[in-house]
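Note sheet for the following structure.
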Amino acid sequence: MTFEIFKDSRKGRLNKISDVRGVRVGHSTIRDGKIKTGVTCIMPHDGDVFKEKLLASSYIINGYGKSLGLVQLEELGTLESPIFMTNTMSLGRVLDSSMKWMIDRYENVGDKAGAPNIIVTECNDGVINDMRGLHVKEENVLESLENIKEDFDEGSVGAGTGMISFNLKGGIGSSSRIIEIGGEDYTLGSLVLSNFGRIKDLKVEGRPIGHEMYLKSKEKREDKDKGSIIIVLATDLPLSSRQLKRLAKRATIGIGNVGSYLGHGSGDIVIAFSTANKIGESNFQEIKVLKEDLLDQAFRACADSVEESVIKSLIYSKSEITKDGKKIFSLEENLENLGIDF
């Protein structure tokens, strides 16, 4: 089955977050019996991420989550580390391992240079994965860093290996949009770790495909909209941290467009950064910032890109067996089984 979505949008070359120059993504996937989990790393630029910080912000849509590093990110408005994704109970291991990675790279970290603010995000993959086993190790964090590249895999990989979204197999999805301002092209990209929603609410480009699947299914599930989604936005538009927060808020439109109403038990977190300005160590920083009333195109691009990223996380995922032996169908297999044309 071939899926063609958002055909009229102006997308980047790969239609991934890595269309923003310098941004790369790496995965470490763990598969061994009931162990189905991993780590995903987003490297925000190809320079020195600690010494050349980026303007950034975050937006907590619904705070049912346990991510690390967002307090300082919000206070200072800068990003100084890779962004990691993993399962809920592996947050500590990923933080510890990435901190060791930073210590190996910077001799003054933890001393004269202070401690780095490393961003680690999570979703709960405990239905598919033996999360209590704490199977993510330091080697997996290092592997995700070593594997960073522009043309990365989507679907059931890395942190997305054990995720479920809209009662279907979820995971990693990414897309990008090209924005033209003042005769210049800029790129906005998004990457999601999708683990939220319920099947009867799912929409694809406005079509209530989830309701169609729900009506045809013999098993009428009335699950709550719970789980989590982590959204990372990257752009080369010169935006301030305040403007990036405004941008991050528009991710809610993309989530709503796919059918989620952001339920009580869903942890929905957005992190946004711009590669246009690098904050060095000088006493005074000169930055370029987009005029406020030109943000509309970026807002629209954000909503569209997030919406497509969620759908791509479903499209590229494969059916999976839970640790209790139940099958979680992929979007493709579920549509085929129910005889629904897409």
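Scanning the range 185-200 for residues that are at pLDDT 95 or above and open to solvent by 20 Å² or more (accessible area, probe 1.4 Å) turns up Asp185, Tyr186.
Which of the residues belonging to the range 266-295 are open to solvent by 20 Å² or more (accessible area, probe 1.4 Å), touching a strand residue (DSSP E or B) at 6+ places or on another chain (Cβ under 9 Å) and of a type in the set (Gly, Ala, Ser)? Passing the criteria: Ala276, Gly280. The residues of the range 315-334 that are assigned to a helix (DSSP H, G or I) and closer than 17 Å to Arg198 by Cβ, listed by number, are Leu331, Asn334. Of the residues Glu219, Glu212, which is among the acidic types (Asp, Glu) and assigned to a loop (DSSP other than H, G, I, E, B)? Within the list Glu219, Glu212, the selection yields Glu219. Within the set Gly114, Gly12, Gly69, the sole residue that is more than 19 Å from Ala272 (Cβ to Cβ) and small (Gly, Ala, Ser) turns out to be Gly114. For the range 250-271, indicate whether the set of residues that are within 25 Å of Glu180 (Cα to Cα), part of a helix (DSSP H, G or I), more than 15 Å from the chain's Cα centre (by Cα) and of a type in the set (A, V, I, L, M) is non-empty. Among the residues of the range 250-271, at least one is within 25 Å of Glu180 (Cα to Cα), part of a helix (DSSP H, G or I), more than 15 Å from the chain's Cα centre (by Cα) and of a type in the set (A, V, I, L, M), which makes the answer yes. None of Arg31, Arg21 is modelled with pLDDT of 95 or more and in contact with an Asp or Glu (Cβ under 7 Å, 6 or more places away or on another chain) except Arg21. Taking the criterion of being touching a residue at least 12 places away in the same chain (Cβ under 8 Å) and more than 19 Å from Leu191 (Cβ to Cβ), the residues of the range 263-290 that qualify are Gly263, His264, Gly265, Asn277, Lys278, Ile279, Gly280, Glu281, Ile287, Lys288, Val289, Leu290. If a residue must be over 19 Å from Asp296 (Cβ atoms), among the aliphatic types (A, V, I, L, M) and surrounded by fewer than 24 Cβ atoms within 10 Å (Cβ to Cβ), how many such residues does the range 223-264 contain? Here the count works out to 1. Scanning the range 183-200 turns up at least one residue that is of a type in the set (Lys, Arg), under 24 Å from Ser156 (Cβ atoms) and not in a loop (DSSP other than H, G, I, E, B). List the residue pairs whose Cβ atoms are under 7 Å apart, where the first residue sits in the range 92-121 and is closer than 18 Å to Lys66 by Cα, the second is hydrophobic (A, V, I, L, M, F, W, C) and open to solvent by 60 Å² or more (accessible area, probe 1.4 Å), and the two are 6 or more positions apart or on different chains. Going by the 7 Å Cβ cut-off, the qualifying pairs are Arg93/Leu134.
The values are calculated or read from the model by the stated rules, or taken from the named source; none is laboratory data. All values reported here derive from a predicted model rather than from experimental measurement. Glycine gets a Cβ as well: all are built from the backbone with ideal geometry, and neighbour counts include every protein chain shown. Side chains are part of the model used for accessible areas, which takes the heavy atoms of the whole protein and leaves out ligands, DNA and RNA. Shrake-Rupley method; radii C 1.70, N 1.55, O 1.52, S 1.80 Å.
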